[in-house]
Amino acid sequence: MSSFFGLWKLVLRSLRQHLLSTCVTVVSVALATGLVMGVFAVSQQSRMAFAGGPLGFNAVVGARGSQLQLVLNTVFHLETSPGNVPWSLYEELKEDKRVELALPFALGDNYAGFRIVGTTPEVFGPFEYEKGAPFTFQPGGRAFDPRRREIVIGASVAQVTGLRVGDHVNPSHGVEVNRVEDHVHDEEFVVCGILNPTHSPNDRVLWLPLEGVYRMSGHRLRGTGAEYEPKDGVAIPDEHKELSAVLLKLVGRGSGFQLATKYNRLGKEATFAWPIGAVMAQLFEKLGWMASILEIVAYLVMVVAAASILASLYNTMNERRREFAILRALGARRSTVFTVILLEAEAIALGGSLLGFGVLAGILAGAAQIVREKTGVVIDPFVLHPAYLWTPLGMMALGGLAGLLPALKAYATDVAETLSGGS
Amino acid sequence: MPFLSIRDLHKSYVDPTGQHQTVIDIPSFGLESGEQVALAGRSGCGKTTLLNLIAGISTPDRGSIQFDGKELVGLSTGRRDRFRAQSIGYVFQSFYLLDGHSALENVLLGMQFGPGRDAVFATHLLTALGLSDRLHHRPSQLSIGQRQRVAVARALANRPRLVLADEPTGSLDPTSAAEAMGLLRGLCEEHAAALLVVSHDRETLDGFESQLDLAEINLAGSQRARSAAESPR
């Protein structure tokens, strides 16, 4: 009775004899399995990062328009603002008993491509960017004084620009990277604090007082419909003030339903984006077809990899007929040579699948780096996905199927004829 | 009853013209346990076919092959494979060693499908055949004579009760042939294995007390030989 160990030695020996073909096939299987696992993992983790995070606020109110655009612009600091809302809306929300915290945002400027957000000192507390997680400062930093030209910068901004506490910053107009035609404001802001990393889009933001935004040279306020240019030493009347959005922390779940009805169904001047996770989930649902196409492509790559296993084994069959005939003449059963070929296919599939985890690690590391650089959102490469189990198993099954044809050919080897028949 | 008993054995094949050609037609042949017999025969007289039939590699059209009282004809492929692995040692004309495996591994492979790998016994056999310093050499690194000795070791590895040898000295010079046959016969005797050698080499045959002409026991062979002799040139 041939032992499995003995068969395994035969398999390894054969794979080694055809080393180049084995290596190429293993690499193609590794790329296929890594790609499939990568597609599923990146898709899941992007969704978790954008739509599943435990935010410290529930809703965003902004100009009438797309909820998705509002959330992308306010929470993820992407896209452009859908427009402005009047200061009175902020005052109204601040006084609403269903609102625990209202945080005004005024957007529109950038520094070195990083967005600048005008807001109140409440952003550094009681506001929490995630549940139970307020912004904290690196040593030597503090919140800005709303009466001064001070600015607080996110961790990524500090890392990329090299800005330190005490440095001076001149904001540029617009939310995109500085372009030639963009206007660099005359006002200089002093960096008074650098935030600790939050691993969120907030790391790519500079925070300054609302007044600082309003009084920036070239800015015109249109809260009343007519243009108003703030003057030094003169308080800005509230009716001229405008905001890009207001972030809300609500009291209880019922508040969200009521406010959604009030602003989205009955009102006409503002959009109430709530719950934020659901709004982002809509984005992924809209892009679902793209994920499906990627998945289909990945599956096809797996089938191609299985075909490469078949080709690599089948191509060696003619030269190996003699080997099989000798084994059979020594007493190996047909099922034994059949098993040897199947094991070879499975060994290639297994080796490729294991190497596929290396490919997956590369894909995840690359994806995480790109997503973080572009959005500040951090995806966790160590989150497990069921695809990490069923992809290698699926590849093993495909490998087995691919090995069937060459295994049947080995099974059918005619010993006497192959060993040159009768004399 | 002989240890190996053959009765009314027929084997034919269809030639390219579609005609049935009888290769083996042996009314009776036997071999006693431990006996060493040499069968002489020219090329094409059915030597290899006969050995393949005895080893269960091929199946006859009809007839009987009994090994130690057990009928082999009619056994399933799997049972014939098992019988071959456990009871038969076969020294092929071209040795048929596996290129990617060392001398020792080739012998161990022979054991793998029989009672199991026994590296100690395999080494002992190779050492007895003068290959102690060639255990880990591959066939391509061995001389023809050394390859032949590896094939002998592999044939004896499973302690078979019958060793079949098909032109075992066909590729060797006379000195090496005599040495190889001496070793094969000595080891068969040592391990109480019967030996059936088929060859057309006179010097190989002369060493055997028991010699038979295959054409005498194989009616098909003699008929074909006569046909060949009578056919106009």
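The values are calculated or read from the model by the stated rules, or taken from the named source; none is laboratory data. Keep in mind the model is a prediction, meaning the values are calculated, not measured. Reconstructed Cβ throughout: ideal geometry from the backbone, glycine too, with neighbour counts over all protein chains shown.
Results, tabulated for the structure shown:
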quantity	calculated
Some residue of region A:363-370 being surrounded by 15 or more Cβ atoms within 10 Å (Cβ to Cβ) and at pLDDT below 90	yes
Residue within region B:65-77 that is in a strand (DSSP E or B), modelled with pLDDT of 90 or more and of a type in the set (Asp, Glu) present	yes
A:SER46, sole failed condition from (1) under 23 Å from the mean Cα position of the chain (by Cα); (2) buried (at least 23 other Cβ atoms within 10 Å of the Cβ); (3) not charged (D, E, K, R)	(2)
Residues satisfying the stated conditions in region B:110-144, i.e. surrounded by 14 or more Cβ atoms within 10 Å (Cβ to Cβ), more than 14 Å from chain A (Cβ to nearest Cβ) and part of a loop (DSSP other than H, G, I, E, B)	B:LEU129, B:LEU131, B:LEU135, B:HIS137, B:LEU142
Leading residue by the ranking (farthest from A:PHE57 (Cα to Cα)) among those in region A:108-133 that are in a loop (DSSP other than H, G, I, E, B) and touching a residue at least 40 places away in the same chain (Cβ under 8 Å)	A:ALA112
Single match in A:GLY277, A:GLY331, A:GLY288 (criterion: surrounded by 13 or more Cβ atoms within 10 Å (Cβ to Cβ) and without any contact (Cβ under 8 Å) to a residue 12 or more places away in the chain)	A:GLY331
Residue count for region A:1-42, restricted to those that are touching a residue at least 40 places away in the same chain (Cβ under 8 Å), more than 14 Å from every other protein chain (Cβ to nearest Cβ) and not small (Gly, Ala, Ser)	13
Number of positions in region A:87-109 that are modelled with pLDDT under 90 and at negative phi	2
Residue selected from region B:35-54 under the condition within 12 Å of chain A (Cβ to nearest Cβ) and part of a loop (DSSP other than H, G, I, E, B), by the criterion surrounded by the fewest Cβ atoms within 10 Å (Cβ to Cβ)	B:SER43
A:LYS241 vs. criteria in contact (Cβ under 8 Å) with a residue 40 or more places away in the chain, within 23 Å of A:LEU101 (Cα to Cα) and surrounded by 22 or more Cβ atoms within 10 Å (Cβ to Cβ)	yes
Selection status of B:VAL152, outside any helix (DSSP H, G or I), within 15 Å of the chain's Cα centre (by Cα) and either at pLDDT 85 or above or closer than 30 Å to B:GLY69 by Cα (or both)	no
Selection from region B:78-97 of residues that are in a helix (DSSP H, G or I), surrounded by fewer than 21 Cβ atoms within 10 Å (Cβ to Cβ) and touching a residue at least 60 places away in the same chain (Cβ under 8 Å)	B:GLN86
Residue within region A:256-275 that is away from every other protein chain (no Cβ under 14 Å), closer than 30 Å to A:LYS9 by Cβ and assigned to a helix (DSSP H, G or I) present	no
Flag for B:ALA178 being over 24 Å from B:LEU98 (Cβ atoms) and assigned to a loop (DSSP other than H, G, I, E, B)	no
Unique match (being part of a strand (DSSP E or B) and more than 19 Å from A:GLY376 (Cα to Cα)) among A:ILE151, A:ILE194	A:ILE151
Residues that are at the interface with chain A (Cβ under 8 Å from one of its Cβ atoms) and on the phi > 0 side of the Ramachandran plot, drawn from region B:60-105	B:TYR96
